1. Would it be correct to say that LEU56 is in contact with a strand residue (DSSP E or B) (Cβ under 9 Å, 6 or more places away or on another chain) and part of a loop (DSSP other than H, G, I, E, B)?
2. For region 11-35, give me the residue count where each residue is touching a Ser or Thr at 6+ places or on another chain (Cβ under 8 Å), over 17 Å from LEU56 (Cβ atoms) and surrounded by 14 or more Cβ atoms within 10 Å (Cβ to Cβ).
3. Quick one: which of LEU68, LEU8 is surrounded by 11 or more Cβ atoms within 10 Å (Cβ to Cβ), at pLDDT 90 or above and among the hydrophobic types (A, V, I, L, M, F, W, C)?
4. Please give the number of the condition VAL89 fails out of (1) at pLDDT 90 or above; (2) in a loop (DSSP other than H, G, I, E, B).
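The values are calculated or read from the model by the stated rules, or taken from the named source; none is laboratory data. Note that the coordinates shown come from a computational prediction; the quantities given were computed from them, not determined experimentally. Here the Cβ positions follow ideal geometry from the backbone for every residue, glycine too, while neighbour counts run over all protein chains shown.
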Amino acid sequence: MSDADHSLYVRKSDEGIVVITIYVDDLIVGGDNEKEVEHVKSLLKQKFDMKDSGELKFFLGIEVIKTLEGIWLLQRQYALDMLSKYGMVGLSPFLYHWI
């Protein structure tokens, strides 16, 4: 694996590319070849005590949705939390008058 920076590692092989992103004690492992991704995960499990949480749904407060068109990164929950914090949950966006 090559070291791109201290939180991003990229492994290139004839079978494909695997990318590992690290934040504190969380990892995202993905790539363009599922077999190669599973191989890298098995190598990591041999060295480290880890569990596979399955398909990525949330990371650092960002919702991840995989579709046929691609991957969507959403901060819907953050936006709802901010609207709730400032008492704006039920308001219509047309009620705001920007100065």
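1. yes
2. Qualifying residue count, region 11-35: 1.
3. LEU8
4. VAL89 satisfies every listed condition except (1).
Let's see how each residue does on (1) touching an Asp or Glu at 6+ places or on another chain (Cβ under 8 Å); (2) at pLDDT 90 or above; (3) not basic (Lys, Arg); (4) not assigned by TED's automatic domain parsing to the domain that holds GLN75:
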| residue | (1), (2), (3), (4) |
| --- | --- |
| ASP14 | no, yes, yes, yes |
| ILE17 | yes, yes, yes, yes |
| ILE28 | no, yes, yes, yes |
| GLY31 | no, yes, yes, yes |
| VAL37 | no, yes, yes, yes |
| VAL40 | no, yes, yes, yes |
| LEU44 | no, yes, yes, yes |
| PHE48 | no, yes, yes, yes |
| GLU63 | no, yes, yes, no |
